[in-house]
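Inspection log for the structure reproduced underneath, given as structure tokens.
The values are calculated or read from the model by the stated rules, or taken from the named source; none is laboratory data. Remember, predicted model here, so these are calculated numbers, not experimental data. Note that each Cβ is placed from the backbone with ideal geometry, even for glycine, and that neighbours are counted across all protein chains shown.
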Amino acid sequence: PVKIFSSLKDGSKFIAAEIAATIKSKQAKGENCVLGLATGSSPKTLYAELVRLHKEENLSFKNVITFNLDEYYPLDNDALQSYNRYMKEQLFDHVDIDPANTNVPNGEVSKEEIKKYCADYEAKIEAAGGIDIQILGIGNNGHIGFNEPGSSRFSKTRLIPLENSTRIANSGEFQNISKVPRLAITMGIDTIFKAHKVFLMAWGQIKAPVIQKAVEGNVTDQIPASLLQEHNDVTFVLDETAATDLT
Ligand code: F6R
């Protein structure tokens, strides 16, 4: 389904409340809650709200295990643009999560190790019991994680070349376009599909055309987010401007 909110703040609060409810119900049963997390600009308000729930409403992350979607490759984990660093700054450093329970693909793995590293990342998600809730943003080209157009429905965690449009869209964080890595490690579409519940968020007019294609267009690997139409529990969480092209 599609849920449209008057602001990205309200949409972010809705997702945060869903996450908090799942964390708590799992806590009550003595179980871990496994979250799949995204980076970029879209989830910043969601993470701020989760931090607020921790600080002001006693939401604990002691039973939470996280797996992030993606990381640039190669990139030092402490680089300003690194998603490893982003997650610490936006969420992990401000809540009571055990750092050992956080997983962000490692942009420092050697070329020789990367195949095994990606297979191990998949195995670690399965060993944790699978992802309960997966958070996604969407690229202007329809990518989810860094699954660029053409990614297979059955793709797994792997190294992938970034489209130039993605490198340009994300170049703001880097000194210039030539500094944006050409590769990334990303969970696959199949990895995302195995999550029990998926929230894809999109805010702003700039996302309106791709949201129309993802939600109402044909299911095609040319718009990877459209593949989610076949997931059995996906919610597209939009603000009014991102929803303007929906019929
Ligand atoms: C980031 C990710 C990407 C972004 C997408 C949108 O972990 O998986 O798919 O969600 O590129 O980025 P923003 O939110 O910056 O518009």
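When you scan segment 78-90, do you find a residue that is among the aromatic types (Phe, Trp, Tyr), closer than 16 Å to residue 133 by Cβ and either modelled with pLDDT of 95 or more or surrounded by 15 or more Cβ atoms within 10 Å (Cβ to Cβ) (or both), even just one? Spell out how you get there, then give the answer.
Step one: list which residues in segment 78-90 are among the aromatic types (Phe, Trp, Tyr), which gives 83, 86.
In the following step, the residues that additionally are closer than 16 Å to residue 133 by Cβ were identified as none.
Scanning segment 78-90 turns up no residue that is among the aromatic types (Phe, Trp, Tyr), closer than 16 Å to residue 133 by Cβ and either modelled with pLDDT of 95 or more or surrounded by 15 or more Cβ atoms within 10 Å (Cβ to Cβ) (or both).
Does residue 47 satisfy the criteria of being under 15 Å from the mean Cα position of the chain (by Cα), modelled with pLDDT of 95 or more, buried (at least 20 other Cβ atoms within 10 Å of the Cβ) and under 23 Å from residue 156 (Cα atoms)? Spell out how you get there, then give the answer.
On the way: under 15 Å from the mean Cα position of the chain (by Cα): yes; modelled with pLDDT of 95 or more: yes; buried (at least 20 other Cβ atoms within 10 Å of the Cβ): yes; under 23 Å from residue 156 (Cα atoms): no.
No.
From the set of residues in segment 172-188 that are more than 12 Å from the ligand (Cβ to nearest atom) and not in a loop (DSSP other than H, G, I, E, B), which is surrounded by the most Cβ atoms within 10 Å (Cβ to Cβ)?
183
A quick yes/no check of all residues on (1) among the small types (Gly, Ala, Ser); (2) in contact with a His (Cβ under 9 Å, 6 or more places away or on another chain); (3) touching a residue at least 60 places away in the same chain (Cβ under 8 Å):
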{"site": "33", "(1), (2), (3)": "no, no, yes"}
{"site": "38", "(1), (2), (3)": "yes, no, yes"}
{"site": "50", "(1), (2), (3)": "no, yes, no"}
{"site": "53", "(1), (2), (3)": "no, no, no"}
{"site": "59", "(1), (2), (3)": "no, no, no"}
{"site": "67", "(1), (2), (3)": "no, no, yes"}
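Within segment 131-144, does at least one residue satisfy the condition of being more than 11 Å from the ligand (Cβ to nearest atom), touching a Gly at 6+ places or on another chain (Cβ under 9 Å) and aliphatic (A, V, I, L, M)?
For segment 131-144, residues more than 11 Å from the ligand (Cβ to nearest atom), touching a Gly at 6+ places or on another chain (Cβ under 9 Å) and aliphatic (A, V, I, L, M): present.
Kindly check whether there is at least one residue in segment 201-208 that is under 16 Å from residue 231 (Cα atoms) and in contact with a strand residue (DSSP E or B) (Cβ under 9 Å, 6 or more places away or on another chain).
If we filter segment 201-208 for residues that are under 16 Å from residue 231 (Cα atoms), which is where we start, we get 201.
Narrowing further to those that are in contact with a strand residue (DSSP E or B) (Cβ under 9 Å, 6 or more places away or on another chain): 201.
So far as segment 201-208 goes, yes, one or more of its residues are under 16 Å from residue 231 (Cα atoms) and in contact with a strand residue (DSSP E or B) (Cβ under 9 Å, 6 or more places away or on another chain).
Between 41, 60, which is modelled with pLDDT of 95 or more, away from the ligand (no atom under 13 Å from the Cβ) and more than 21 Å from residue 191 (Cβ to Cβ)? Break it down stepwise before answering.
Details: 41 fails: away from the ligand (no atom under 13 Å from the Cβ).
One residue alone meets the criteria, 60.
Yes or no: segment 105-117 includes at least one residue that is modelled with pLDDT of 95 or more and either within 14 Å of the ligand (Cβ to nearest atom) or within 15 Å of the chain's Cα centre (by Cα) (or both). Don't jump to the end; show me each part of the working.
Looking only at segment 105-117, we keep the residues that are modelled with pLDDT of 95 or more, and these are 105-117.
Imposing the further condition that a residue be either within 14 Å of the ligand (Cβ to nearest atom) or within 15 Å of the chain's Cα centre (by Cα) (or both) reduces the set to 105, 107.
There is at least one residue in segment 105-117 that is modelled with pLDDT of 95 or more and either within 14 Å of the ligand (Cβ to nearest atom) or within 15 Å of the chain's Cα centre (by Cα) (or both).
Take segment 63-104 and flag every residue that is of a type in the set (Asp, Glu) and within 13 Å of the ligand (Cβ to nearest atom). Write out each step before concluding.
Start the filter on segment 63-104 by keeping residues that are of a type in the set (Asp, Glu), which leaves 70-71, 76, 78, 89, 93, 96, 98.
Selection gives 70, 71.
For segment 6-13, indicate whether the set of residues that are closer than 20 Å to residue 138 by Cα, in a helix (DSSP H, G or I) and away from the ligand (no atom under 16 Å from the Cβ) is non-empty. Can you show your working first?
Initial filter on segment 6-13 (closer than 20 Å to residue 138 by Cα): 6-13.
With in a helix (DSSP H, G or I) added as a condition, the list becomes 8-13.
From what is left, the residues that are away from the ligand (no atom under 16 Å from the Cβ) are 10, 13.
Scanning segment 6-13, I find at least one residue that is closer than 20 Å to residue 138 by Cα, in a helix (DSSP H, G or I) and away from the ligand (no atom under 16 Å from the Cβ), so the answer is yes.
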